[in-house]
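**Student:** I am attaching a structure below and will ask some questions about it afterwards.
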Amino acid sequence: MKRVWNITPGTEDGSDVIYCGVEPAMLFRSDDKGESWKINKALLNHETRGKWQPGGGGLCLHTILVDRRDTKNLHIGISAVGTLNSKDGGMTWKFQNKNVLADFQPEKYPEYGQCVHKVVRHRDRPEVLYQQNHCGVFRSDDGGENWKDIRNNLPSRFGFPMAVDANDPKRVYVVPLIGDFSRVSPDNKFSVWASDNSGKEWYSLARGFPKPAYFEVLREGMATDEEDPGGVYVGTKTGQLFASRNHGNSWSLVSGVLPEIYSVTASAI
């Protein structure tokens with residue numbers, strides 16, 4: 001195991017279950033608050049595993065989603081394999097990459113091999129999934145069975161982080177970047193982009209960010225809180241942490257002297 005990418009509680013009721021995603025693309029589960037762990041053998045021994053290829057950050061299992069209404073319903077994201085779903089708590093896994101582009105592959109819409117960067121959803125609407133991908137921004141309205149490209153008027157299809165407003169399942173945030181070989185803001189104008197209608201239209205939220213700006217944000221570098229109006233928080237690879245307490249309509253610098261920010265999380269006190 002090279003590194004840990006994600007740690008996710010198994011439920012929201014304070015139980016002892018924790019999931020852990022690592023590189024190279026393995027899933028672990030603990031039933032005793034992390035004192036001991038068991039590897040998910042169905043994923044480890046998946047019949048296609050020998051053909052999986054790493055993304056730029058490695059063969060990493062970076063996203064774990066647990067359905068609060070049915071904790072056996074799991075979604076995971078692996079770069080560069082795509083999204084997978086289990087309906088039985090990880091006993092079996094099914095690819096869910098229909099209509100997700102992988103234009104760096106010989107086959108543009110393969111069963112697997114997509115470079116998913118992040119998958120998110122609202123806790124009260126687990127059937128609606130949002131995905132920031134290497135090749136676009138996508139939404140699924142049926143639990144990942146089918147995906148629709150919702151890039152629409154975004155300045156770039158490429159990016160890493162994604163977040164959903166805790167109080168509005170139709171409000172979603174992304175940070176567009178130029179592309180794989182230039183992972184900074186388009187036109188040197190750093191901005192968070194938001195949609196209030198599940199990705200049909202997007203608009204820029206840049207008030208308070210410096211100009212020009214050449215920031216890069218990693219896949220875990222953005223988070224929302226549960227306040228109303230909602231707070232949004234963004235951390236950059238060069239150590240700037242920005243916060244908004246009004247749905248991203250204005251931003252303030254929390255700190256500009258941090259080391260490289262890998263992950264941002266907002267939690268209630």
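**Student:** In contact with a Phe, Trp or Tyr (Cβ under 9 Å, 6 or more places away or on another chain) and closer than 21 Å to SER263 by Cα: does that describe VAL81? Let's see the steps before the verdict.
**Tutor:** Values: in contact with a Phe, Trp or Tyr (Cβ under 9 Å, 6 or more places away or on another chain): yes; closer than 21 Å to SER263 by Cα: no.
Taking the combined requirement at face value, the residue does not satisfy it.
**Student:** From (1) closer than 22 Å to PHE158 by Cβ; (2) in contact with a Pro (Cβ under 9 Å, 6 or more places away or on another chain), pick out the condition that doesn't hold for ASN6.
**Tutor:** Unmet for ASN6, out of (1) closer than 22 Å to PHE158 by Cβ; (2) in contact with a Pro (Cβ under 9 Å, 6 or more places away or on another chain): (2).
**Student:** Given the criteria surrounded by fewer than 17 Cβ atoms within 10 Å (Cβ to Cβ) and free of Cβ contacts under 8 Å to residues at least 12 places away in the same chain, does TYR214 qualify? Walk me through it before giving the result.
**Tutor:** Values: surrounded by fewer than 17 Cβ atoms within 10 Å (Cβ to Cβ): yes; free of Cβ contacts under 8 Å to residues at least 12 places away in the same chain: no.
Spelling it out, it is not the case that TYR214 is surrounded by fewer than 17 Cβ atoms within 10 Å (Cβ to Cβ) and free of Cβ contacts under 8 Å to residues at least 12 places away in the same chain.
**Student:** Sticking with this structure for a sec: Can you tell me which of (1) over 27 Å from PHE95 (Cβ atoms); (2) within 15 Å of the chain's Cα centre (by Cα) is the one PHE158 doesn't meet?
**Tutor:** (1)
**Student:** Tell me, which strands (runs of 3 or more DSSP E) lie completely within segment 52-171 with 1 or more residues that are buried (at least 19 other Cβ atoms within 10 Å of the Cβ) and aromatic (Phe, Trp, Tyr)? Reasoning before the result, please.
**Tutor:** On the way: elements: 60-66, 74-79, 82-86, 116-120, 129-133, 136-140, 158-164.
Per the criteria, 129-133, 136-140, 158-164.
**Student:** From the list SER244, SER250, pick out the single residue that is crowded, with 18+ Cβ neighbours inside 10 Å, farther than 28 Å from TRP147 by Cβ and not assigned by TED's automatic domain parsing to the domain that holds LYS118.
**Tutor:** Only one candidate qualifies: SER244.
**Student:** Something else: Among the listed residues THR63, THR92, which satisfies the condition of being of a type in the set (Ser, Thr, Tyr) and touching a helix residue (DSSP H, G or I) at 6+ places or on another chain (Cβ under 8 Å)?
**Tutor:** So the residue among THR63, THR92 that is of a type in the set (Ser, Thr, Tyr) and touching a helix residue (DSSP H, G or I) at 6+ places or on another chain (Cβ under 8 Å) is THR92.
**Student:** May I pose another question? Give me the pairs: first residue in segment 27-48 and outside the structural domain of LEU74 (by TED's automatic domain parsing), second residue loosely packed, with under 15 Cβ neighbours inside 10 Å and among the polar types (S, T, N, Q), beta-carbon distance under 9 Å, and six or more apart or on different chains, which are they?
**Tutor:** Hits for this filter: zero, empty list.
**Student:** May I pose another question? Hey, could you check segment 208-263 for residues that are more than 16 Å from the chain's Cα centre (by Cα) and of a type in the set (Val, Ile, Thr) and say which is farthest from LEU65 (Cα to Cα)?
**Tutor:** VAL257
**Student:** Then there's this: For segment 1-26, which residues satisfy the criterion of being polar (S, T, N, Q) and either assigned to a strand (DSSP E or B) or not assigned by TED's automatic domain parsing to the domain that holds LYS72 (or both)?
**Tutor:** Of segment 1-26, the ones polar (S, T, N, Q) are 6, 8, 11, 15.
Within segment 1-26, ASN6, THR8 qualify.
**Student:** For segment 185-198, does any single residue satisfy the condition of being assigned to a strand (DSSP E or B) and surrounded by 22 or more Cβ atoms within 10 Å (Cβ to Cβ)?
**Tutor:** Yes.
**Student:** Of the conditions (1) under 18 Å from TYR233 (Cβ atoms); (2) over 16 Å from the mean Cα position of the chain (by Cα), ASP196 satisfies every one except a single condition; which number is it?
**Tutor:** Here ASP196 meets the rest and fails (1).
**Student:** Quick check on LEU61: is it within 19 Å of the chain's Cα centre (by Cα) and assigned by TED's automatic domain parsing to the domain that holds ASP141?
**Tutor:** yes
The values are calculated or read from the model by the stated rules, or taken from the named source; none is laboratory data. The structure presented is a predicted model; accordingly, all values stated were derived computationally and were not measured. So basically every Cβ, Gly included, is an ideal-geometry build from the backbone, and we count neighbours across all protein chains shown.
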